[in-house]
Amino acid sequence: MDTGRNLQNQIDETLHVLDNIESVNVSPFFKDKTMNVLFAEKEEVQTGWSWFTPKLQLATLACVVILNVMAFTKLEETSTYEENVSEFAETYGLLISDEDTSILNN
């Protein structure tokens, strides 16, 4: 029974604490200051690629496009793949003639 009375006393003390609560005086601009702090734009510090500006990106893109166009035109001027392979095989003696005998062909 003693624990029941002790428990009831603790409940009563807890409820009496609510009677002591007073209103809080807040600055009229507290909300504005808080909202400004929460939603303020933060500047990001760029460390690695800060030198690669949009002007330099555009110049790099132009150089890459020009190099690709030049390479494509040179590629069309050169001979076909089969001609290049046969020339390579002739140069290094990799052509197999009908006269050559091989153990794999027998």
Exercise. Given labels modelled 7 Å from the Cα in the Cβ direction, how far is it in nm from I11 to T73?
Worked result: 9.5 nm
Exercise. Tell me which lysines have Cα within less than 21 Å of K31's Cα, excluding those fewer than 8 residues away on the same chain?
Worked result: K42
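Only the coordinates and a few stated rules stand behind these numbers; no lab work does. Fair warning: this is a prediction, and the values are worked out from it, not measured in the lab. Quick reminder, even Gly has a Cβ in these numbers, built from the backbone with ideal geometry, and neighbours come from all protein chains shown.
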